[in-house]
Amino acid sequence: GTTESYQNEVKQLMFARVNRDEGDRHHYISSRLDGAGSGNYLKFNIDDGSTINGTSFANTMILRGDGNVGIGTTTPNTKLQIYNNTGATAANGSEGEVLRLQGKYVSQGSGSLLRFTNYHSSGNNPSNDEYNLAGITGYDYDSAWGGALGFWTATGSSGGGDLTQRLTIIASAN
């Protein structure tokens, strides 16, 4: 964590446990108004437990005035930026994991969809004011604890077309 003091923040909502077994702990949400855009923010800080006086924090999430959200970073460059500071690689399995989409198994084909859409006032698929572009699914392919990866695209049609699976990669890599 950082040794940045919660007392340096402009406005704050603090959650504290004071003098419990001589170990103060403070979690807080701070806000800052500093002009426009990225200078304004709400920052969520969690006491990381590395000190006993509540002075060491992990900056876990920030919501900036320009609309960018950072998890694990206080300087997000996009609408959502997630930073994994473990130094692990994806080859290490779950240690390199940064985002998890979890579905609920009901039957073959159960899984999760990452859908890409565009906003458009005349769009109506999958909902009002948007239309489908593409999707990526991870799902149970054969009800045998195995997975598949599906790639989907939408056909062009008025209001937006349905997603159609175009490519499937299964355990045997076909």
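Compared with the direct C-alpha span, the chain from ASP129 to LEU13 gains 38.1 nm at full extension, assuming 0.36 nm per residue. Legend: calculated FRET efficiency, ARG166 to THR60, from the Cβ-Cβ distance at R0 = 30 Å, rounded to 0.05, equals 0.20. Highest average first, the peptides 123-132, 77-86 ordered by how many other beta carbon atoms sit within 10 Å of their residues are 123-132, 77-86. At an R0 of 35 angstrom, the distance between the Cβ atoms of ALA173 and SER50 translates into a FRET efficiency of 0.20.
Sorting ARG64, ARG100, ARG115, ARG32 by solvent-accessible area of protein heavy atoms yields ARG100, ARG115, ARG32, ARG64, largest first, with a 1.4 Å probe.
The values are calculated or read from the model by the stated rules, or taken from the named source; none is laboratory data. Here the structure is a predicted model, which means the values were calculated and not measured. Using ideal geometry, Cβ is built from the backbone for each residue, glycine included, and neighbour counts are taken over all protein chains shown. These area figures cover heavy atoms from the full protein model, side chains too; ligands, DNA and RNA do not enter into them. Shrake-Rupley method; radii C 1.70, N 1.55, O 1.52, S 1.80 Å.
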